[in-house]
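Chemist: Questions regarding the structure given below will be posed in turn.
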Amino acid sequence: MKKDFLSIADLTREEIYEIFDLTRELKEKTRRREEHHLLKGYTLAMIFAKPSARTRISFETGIYQLGGYALYLAPTDIGIGKREAVKDIARVISRYNNLIMARLFDHADIEELAEYSSVPVINGLTDYNHPCQIMADAFTILEHLGSLENIKITYVGDGNNIANSWINLASRLPLNLVICTPRSYEPDKATLENALQAGLSKIEVISDPVEAVKDADVVYTDVWASMGQEAEAEERKKIFKPYQVNAELLKHAKKEVKVMHCLPAHRGDEITDEVLDGPHSIVFDEAENRMHVQKAIMVKLVENQKR
Ligand code: CP
Ligand code: NVA
């Protein structure tokens with residue numbers, strides 16, 4: 001296993017399933033309130049250049065349950081890359097803490113952070129990807145549908161960090177993945193090329209939402225304007241309107257379709273209240289699994305460091 005977890009493409013298929021096995025075990029222990037202090041005395045520095053609810057809460061609670069401790073470093077605390085060079089912060093934190101989780105704008109910054117840190121770095125979202133989220137999502141699909149590999153997963157919306165991470169997963173596991181975005185909002189070209197070259201998955205990028213969700217087992221959506229794109233929000237609302245996940249669109253999917261959203265949701269934009277709160281929605285299972293899967297990732301990275 002690599003030192004850091006920056007992208008799902010850093011993992012092999014085997015490592016992904018090992019993380020899921022440990023996730024299952026830790027989730028069960030958490031449910032039974034059975035002590036599992038696998039990271040006793042370990043500290044996690046959490047650097048946030050953008051806001052967060054789930055990522056902060058799930059990492060902070062997760063490391064505590066593992067017997068460790070987390071430090072929350074808000075956007076105004078470090079000023080990473082502004083007040084201080086990324087590589088200096090990397091080396092300083094490595095002298096204090098055993099793990100780093102960072103949510104940054106530029107993906108190149110998290111790569112630099114990892115390069116100069118002697119401790120494992122976990123990507124808690126960049127403009128490019130959100131690997132912890134998609135690991136939790138994939139685990140949630142496994143729990144609900146029993147497999148990731150014989151089902152149709154359709155992502156509808158912006159070709160953003162979430163879409164890129166789904167494509168990264170498709171470069172490692174055989175998926176049937178449809179990405180549906182308005183033209184010129186497609187996911188990262190190099191990421192798609194790379195996944196297609198891996199030759200494992202069927203990946204389609206199309207712009208017609210009705211065609212995209214046809215017979216889908218899972219319909220996934222995310223905000224139309226990500227953090228940092230607030231100035232474009234109004235314009236995007238107009239462009240993305242036909243991509244709303246609503247009851248009408250879901251009529252074209254499988255009858256038992258599962259609906260997913262990484263949250264936070266803009267209710268009434270990319271997803272309706274009716275769908276988000278309705279019987280097909282598994283968004284809160286997905287949110288819960290962030291914590292279980294991240295605990296497994298932290299344990300695996302620490303075990304890997306000891307080798
Ligand atoms: N899904 C997710 O990462 O949520 P936050 O932005 O609240 O952390
Ligand atoms: N695409 C969203 C995901 C939030 C978890 C964003 O980057 O804001």
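Chemist: With +1 on the Cβ of every Lys and Arg and -1 on the Cβ of every Asp and Glu, and nothing else charged, how large is the dipole of region 168-284 about its Cα centre, in debye rounded to the nearest 20?
Modeler: 300 debye
Chemist: Between the alpha-carbon centers of region 1-66 and region 118-197, tell me the distance in whole angstrom.
Modeler: Between the Cα centres of region 1-66 and region 118-197 lies a distance of 19 Å.
Chemist: So for the pair ASP277, GLU34, with labels modelled 7 Å out along Cα→Cβ, what separation do we get in nm?
Modeler: Each label point is offset 7 Å from its Cα along the Cβ direction, giving 3.8 nm.
Chemist: Between ALA85 and HIS266, what length comes free when the chain is fully extended (0.36 nm per residue of separation minus the Cα-Cα distance, one decimal in nm)?
Modeler: Value of the extension gain: 61.7 nm.
Chemist: Taking the Cα centre of the chain as the origin and placing charges on Cβ (Lys, Arg +1; Asp, Glu -1), which of ASN150, ILE239, LEU250 is farthest toward the positive end of the dipole?
Modeler: Value: ASN150.
Chemist: A follow-up question, please. Taking a 21 Å limit on the Cα-Cα distance, which of the listed pairs LYS152/LYS251; LYS2/LYS50; LYS2/LYS189; LYS3/LYS50; LYS152/LYS202 fall beyond it?
Modeler: LYS2/LYS50; LYS2/LYS189; LYS3/LYS50
Chemist: Size of the dipole of the chain about the Cα centre, Lys and Arg at +1 and Asp and Glu at -1 on the beta carbon, nothing else charged, in debye to 20?
Modeler: So the magnitude is around 780 debye.
Chemist: Hey, another quick one. List the aspartates and glutamates whose Cα sits under 18 Å from the Cα of LYS241, skipping any in the same chain fewer than 8 residues away.
Modeler: ASP158, GLU186, ASP208, GLU211, ASP222, GLU230, GLU232, ASP269, GLU270, ASP273, GLU274
Chemist: In whole Å, what are the extents of region 1-121 along the principal axes defined by its C-alpha atoms, from largest to smallest?
Modeler: Principal-axis extents of region 1-121 (Cα, largest first): 44, 29, 26 Å.
Chemist: Of all the accessible heavy-atom surface of region 96-195, with the other protein chains kept in place and a 1.4 Å probe, what percent is carbon and sulfur?
Modeler: Answer for region 96-195: carbon and sulfur cover 43 percent of the accessible area.
Chemist: Given a 1.4 Å probe and the protein chains all in place, what does the accessible area of LYS258 round to, in Å² to the nearest 10?
Modeler: 40 Å²
Chemist: Expected output is a single nm value to one decimal: the length gained when fully extending between ARG13 and SER118, i.e. 0.36 nm times separation in residues minus the C-alpha distance. What is it?
Modeler: Length gained between ARG13 and SER118: 35.3 nm.
Chemist: Could you provide, to the nearest whole Å², the per residue accessible area of the chain with probe 1.4 Å?
Modeler: Per-residue accessible area for the chain comes out at 44 Å².
Chemist: Could you work out the relative contact order of the chain? I mean the mean sequence separation of Cα pairs under 8 Å and 6+ apart, divided by the number of residues, in percent.
Modeler: Once normalised by length, the contact order is 19 percent.
Chemist: May I pose another question? Accessible surface of TYR72 in the full protein assembly, 1.4 angstrom probe, to the nearest 10 Å²?
Modeler: Probe radius 1.4 Å; accessible area of TYR72 about 80 Å².
Chemist: Return the distance in nm (one decimal) between the two label points of a simple spin-label model at LYS214 and ALA53, each offset 7 Å from Cα along Cα→Cβ.
Modeler: 3.7 nm
Chemist: Moving on to the next point. Once the Cβ-Cβ distance between GLU248 and ASP77 is put in as r, and R0 is 41 Å, what FRET efficiency do you end up with, to the nearest 0.05?
Modeler: With R0 = 41 Å, the Cβ-Cβ based efficiency is 0.35.
Chemist: Provide the packing ranking of 219-229, 242-252, i.e. peptides ordered by the mean count of other C-beta atoms within 10 Å per residue, highest first.
Modeler: Sorting 219-229, 242-252 by mean packing, highest first, produces 219-229, 242-252.
Chemist: How far apart, in nm, are the 7 Å Cα→Cβ label points at LEU145 and ARG183?
Modeler: With each label point 7 Å from Cα toward Cβ, the separation is 2.9 nm.
Chemist: Then there's this: How would you order 103-109, 159-165 from highest to lowest mean count of nearby Cβ atoms within 10 Å?
Modeler: The peptides rank, most packed first, as 159-165, 103-109.
Chemist: What ranking, highest mean first, results for peptides 18-26, 126-134 when packing means the other Cβ atoms within 10 Å averaged over each residue?
Modeler: Packing order, densest peptide first, comes out as 126-134, 18-26.
Chemist: Further question on the same structure: For region 255-303, which whole-number percentage of the solvent-accessible area (1.4 Å probe, protein heavy atoms only) is attributable to carbon and sulfur atoms?
Modeler: Roughly 51 percent, rounded to a whole number.
Chemist: Another question, then. With a 1.4 Å probe and all protein chains in place, put MET291, MET1, MET260 in order of accessible area, largest first.
Modeler: Ranked list, largest accessible area first: MET1, MET291, MET260.
The values are calculated or read from the model by the stated rules, or taken from the named source; none is laboratory data. Keep in mind that this is a model prediction, so the values were computed, not measured. Cβ coordinates were reconstructed from backbone atoms using ideal geometry, including for glycine residues, and neighbour counts include every protein chain displayed. Just the protein is used for accessible areas: all its heavy atoms, side chains included, with ligands, DNA and RNA removed. Shrake-Rupley method; radii C 1.70, N 1.55, O 1.52, S 1.80 Å.
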